[in-house]
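A.B. asks: Quick one: the structure is below, questions incoming.
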Amino acid sequence: MNTTIIISNPNKNSFNQNIMDNVIKGIEKCGKNYSIIDLYQDEFNPVMTSEEVKLYTKGESDDNLVKKYQNILKESDEIVLIFPIWWNNVPAMLKGFFDKVFIKEFAFEEKNNRPKGKLSHIKKGILITTSESDTQYIKNELGNPIENTIIKSTLNICGIENIKWINNNLANNSEADKDEFLSNIEVYFS
């Protein structure tokens with residue numbers, strides 16, 4: 001199994017980095033192969049230019065990082081997305097990744113005016129997020145934007161069906177809670 005880890009956090013000392021380190025430990029214990037897409041380290045440009053919009057309608061890109069990321073995803077059976085929840089959604093960097101990488105003819109095709117996913121070879125996905133707001137508030141009072149926008153309206157549409165979302169509410173967790181969360185991460189990869 002080939003796992004692709006996608007991390008979107010500019011802070012190398014963040015809890016998200018600790019999560020990624022534990023994800024890697026879990027993957028390595030299982031003997032799986034993995035690739036890392038670190039959007040900030042790669043200096044990925046999430047802004048789509050007017051030329052890229054023209055290419056998007058043809059299912060093309062002139063961004064070498066986009067092509068690299070697409071090649072990695074073509075070989076992936078599993079994806080792990082790690083990011084903080086900002087304004088109850090993904091960071092702009094990750095949104096730009098979806099906009100520029102998950103393009104027509106790569107991630108989906110049009111059938112009867114509806115998208116039909118082309119990434120169904122990715123059999124499993126895990127979203128591991130951190131937030132200042134508690135998870136129940138995000139789900140129940142804010143309309144569950146991660147489930148509705150990222151899982152259903154992005155990943156599922158692209159053909160990735162088996163997705164689990166795990167959130168760590170940093171504001172309400174003690175250091176012991178955070179340590180326990182990190183130690184349990186490996187379980188998801190066994």
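A.B. asks: Compare the Cα positions of Ser131, Phe189, Phe102 along the charge dipole of the range 2-189 (+1 at Cβ of Lys, Arg; -1 at Cβ of Asp, Glu; about the Cα centre) and return the one farthest towards the positive end.
C.D. replies: Going by the charge dipole, the pick is Phe102.
A.B. asks: Set Lys and Arg Cβ to +1 and Asp and Glu Cβ to -1, take the dipole of the chain about its Cα centre, and tell me which of Trp87, Leu119, Gly26 lies farthest positive.
C.D. replies: Farthest towards the positive pole: Leu119.
A.B. asks: Express the relative contact order of the range 34-181 as a whole percentage, based on alpha carbon pairs under 8 Å and six or more residues apart in sequence.
C.D. replies: Taking the mean separation of contacting Cα pairs over the length of the range 34-181, I get 25 percent.
A.B. asks: For every helix of n ≥ 4 consecutive DSSP H residues, a contribution of -39,500 (n - 2.57) applies; sum these over the chain, divide by its total residues, and give [θ] at 222 nm rounded to the nearest 500 deg cm²/dmol.
C.D. replies: Theoretical 222 nm ellipticity from helices: -8500 deg cm²/dmol.
A.B. asks: Could you rank the peptides 92-102, 171-181, 156-166 by their average count of other C-beta atoms within 10 Å per residue, with the highest value first?
C.D. replies: 92-102, 156-166, 171-181
A.B. asks: Still on this structure, please answer the following. Order of 82-89, 30-37 by packing, highest average Cβ count within 10 Å first?
C.D. replies: Ranking the peptides 82-89, 30-37 by packing returns 82-89, 30-37.
A.B. asks: Using a 1.4 angstrom probe on heavy atoms only, work out the carbon and sulfur share of the accessible area of the range 2-189 in %.
C.D. replies: C and S fraction of accessible area: 44 percent.
A.B. asks: Restricted to Cα positions, what overall size does the range 1-60 have along the principal axes? Three whole-Å values, descending.
C.D. replies: Over the range 1-60, Cα extents along the principal axes are 44, 29, 12 Å.
A.B. asks: Measuring from the lowest to the highest alpha carbon on each principal axis, how far does the range 73-164 reach, largest first, in angstroms?
C.D. replies: Extents along the principal axes, in whole Å: 37, 28, 23.
A.B. asks: Hey, another quick one. About its Cα centre, how strong a charge dipole does the chain have in debye, to the nearest 20, once Lys and Arg get +1 and Asp and Glu get -1 at the Cβ?
C.D. replies: 680
A.B. asks: Please give every one of the lysines within straight-line cross-link reach of Lys54, meaning a C-alpha to C-alpha distance under 25 Å, and leave out same-chain neighbours fewer than 8 residues apart.
C.D. replies: Lys67, Lys68, Lys74, Lys95, Lys100, Lys104, Lys111, Lys116, Lys118
A.B. asks: Moving to a separate point now. Just the C-alpha atoms of the chain: what Rg/Rh do they give, with Rh taken as the Kirkwood radius?
C.D. replies: 0.96
The values are calculated or read from the model by the stated rules, or taken from the named source; none is laboratory data. Computed from a predicted structure; not experimentally measured. Here Cβ is always computed from backbone atoms with ideal geometry, including for glycine, and neighbour counts include all displayed protein chains. Ligands, DNA and RNA are excluded from the accessible area calculation, which covers all protein heavy atoms including side chains. Shrake-Rupley method; radii C 1.70, N 1.55, O 1.52, S 1.80 Å.
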